Amino acid sequence: MGNSYDKDWDGYAKLISDRKDSSEWDVLRKARESHWREFFSVNEDEKILDAGCGHGEYTVFALKDKANVWAFDYSKEMVNYTVAVVQKNSLKAEKISVDSILDIPYETEFFDQVYCLAVLDHLDDDGRMNAIKELRRVLKKGGKLVIDVPNRFAIHWRTVFLMMRLLKLYPEGDIHFFSPLEINRLLKKNGFKKARSLGLTLLPPFSGIYTTDLRRLTFLPDFLIKPLDKLYLMIETNFRRISFLKPVCWHYFIEAIKK
């Protein structure tokens, strides 16, 4: 019997891969790049693991900052795309492989930083606990773990997401939404000290409806889309820092230090 959190990630990867470079998604690519510039810091030659690399955006960001990067994903199609996008950018990762976060194939205390972005929410209770233990195992003492989890209290976003699921625009399977208290307890219980966090995606872009299968649905003329996207990026990059708005952001980056 399958786990209720299981999803067809290979099928989803095939669905969206041809749309990742679409001009329609330029505003969200810029938003993601702003997340990298604001929250992540990489020293040259640091060893970084992208655990659950998806389509490889953060693998590429780290490589461009001259880190040594290892990456894996559970989905073969996601891995194939990551390999292709790394090559497209004339970069070279140490290794990109198909592996599981529940059994990371690297030695203890090997990495300076580990990224686990939009992964824990797709695991059941035992899986989340085992994944955190594995992430801690491969991270050096004093090393940084960066995770990305969806916010339980962003009701407006969860409603939009439910609509996407009902329209069959996202893989079937359970998703776990975290409260700040829950994720902090999980980290503390497993030997991490929370350092800082950043709220992400306070509002959706104003230039259309952006679906989870990477399409923009809009009736707006082109001359309005650019100024609306510029306004959105200004709000996203500045207002997400306001503490009382963080509880309504769609998800968070959390940086934790291994004790």
#### Entry: Complete set of residues in region 201-210 that are surrounded by 17 or more Cβ atoms within 10 Å (Cβ to Cβ) and not aromatic (Phe, Trp, Tyr)
Thr201, Leu202, Pro205, Ser207, Gly208
### Message
If I ask for residues that are over 25 Å from Ile175 (Cβ atoms), assigned to a loop (DSSP other than H, G, I, E, B) and touching a strand residue (DSSP E or B) at 6+ places or on another chain (Cβ under 7 Å), which ones from region 107-141 would you list?
### Response
Glu109, Phe110
### Summary
Just one listed residue, out of Asp148, Asp103, Asp124, is in contact with a Ser or Thr (Cβ under 8 Å, 6 or more places away or on another chain) and closer than 25 Å to Lys258 by Cβ, and it is Asp124
### Query
Right, Lys76: surrounded by fewer than 16 Cβ atoms within 10 Å (Cβ to Cβ), modelled with pLDDT of 90 or more and in contact with a helix residue (DSSP H, G or I) (Cβ under 7 Å, 6 or more places away or on another chain) or not?
yes
### Task
Identify the single condition in (1) in contact with a Cys (Cβ under 6 Å, 6 or more places away or on another chain); (2) in a loop (DSSP other than H, G, I, E, B) that Asp45 does not satisfy, given that it satisfies every other one.
(1)
### Conditions (1) buried (at least 16 other Cβ atoms within 10 Å of the Cβ); (2) at pLDDT below 85; (3) under 17 Å from the mean Cα position of the chain (by Cα): number failed by Leu169
(3)
### Message
The conditions are (1) surrounded by 14 or more Cβ atoms within 10 Å (Cβ to Cβ); (2) within 17 Å of the chain's Cα centre (by Cα), and Arg196 fails exactly one of them. Which is it?
### Response
(1)
### Message
For a quick check of your reading of the model, give me the residue pairs whose first member lies in region 67-78 and is in contact (Cβ under 8 Å) with a residue 12 or more places away in the chain, whose second is of a type in the set (Lys, Arg) and surrounded by fewer than 21 Cβ atoms within 10 Å (Cβ to Cβ), with beta-carbon atoms closer than 7 Å and at least 6 apart or on different chains.
### Response
Asn68/Lys47; Trp70/Lys95; Glu77/Lys14
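crowded, with 21+ Cβ neighbours inside 10 Å, modelled with pLDDT of 90 or more, more than 13 Å from Asp213 (Cβ to Cβ) and more than 16 Å from the chain's Cα centre (by Cα): does that describe Leu63?
On the way: crowded, with 21+ Cβ neighbours inside 10 Å: yes; modelled with pLDDT of 90 or more: yes; more than 13 Å from Asp213 (Cβ to Cβ): yes; more than 16 Å from the chain's Cα centre (by Cα): yes.
So Leu63 passes the test.
Does Asp103 count as in a loop (DSSP other than H, G, I, E, B), of a type outside the set (Lys, Arg), at pLDDT 95 or above and farther than 29 Å from Thr237 by Cβ?
Yes; evaluated as a whole, the condition is true for this residue.
Report yes if Pro180 is on the phi < 0 side of the Ramachandran plot, of a type outside the set (Phe, Trp, Tyr) and surrounded by fewer than 21 Cβ atoms within 10 Å (Cβ to Cβ), otherwise no. Don't jump to the end; show me each part of the working.
Numbers: on the phi < 0 side of the Ramachandran plot: yes; of a type outside the set (Phe, Trp, Tyr): yes; surrounded by fewer than 21 Cβ atoms within 10 Å (Cβ to Cβ): yes.
Considered against the rule, which asks whether it is on the phi < 0 side of the Ramachandran plot, of a type outside the set (Phe, Trp, Tyr) and surrounded by fewer than 21 Cβ atoms within 10 Å (Cβ to Cβ), Pro180 comes out as yes.
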### Task
Mind telling me which of the residues Leu145, Leu169 ends up being among the hydrophobic types (A, V, I, L, M, F, W, C) and out of contact with any helix residue (DSSP H, G or I) (no Cβ under 7 Å at 6 or more places or on another chain)?
Leu169
### Task
Would you be able to tell me the number of residues in region 174-211 that are among the hydroxyl-bearing types (Ser, Thr, Tyr), free of Cβ contacts under 8 Å to residues at least 60 places away in the same chain, part of a loop (DSSP other than H, G, I, E, B) and touching a Lys or Arg at 6+ places or on another chain (Cβ under 8 Å)?
1
### Query
Does Ile235 qualify as being on the phi < 0 side of the Ramachandran plot, surrounded by fewer than 18 Cβ atoms within 10 Å (Cβ to Cβ) and either free of Cβ contacts under 8 Å to residues at least 40 places away in the same chain or assigned to a helix (DSSP H, G or I) (or both)?
yes
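The values are calculated or read from the model by the stated rules, or taken from the named source; none is laboratory data. As the structure is a computational prediction, the values presented were derived from the model and not from experiment. When we count neighbours, we look across all protein chains shown, and the Cβ atoms used for this are built from the backbone with ideal geometry, even at glycine.
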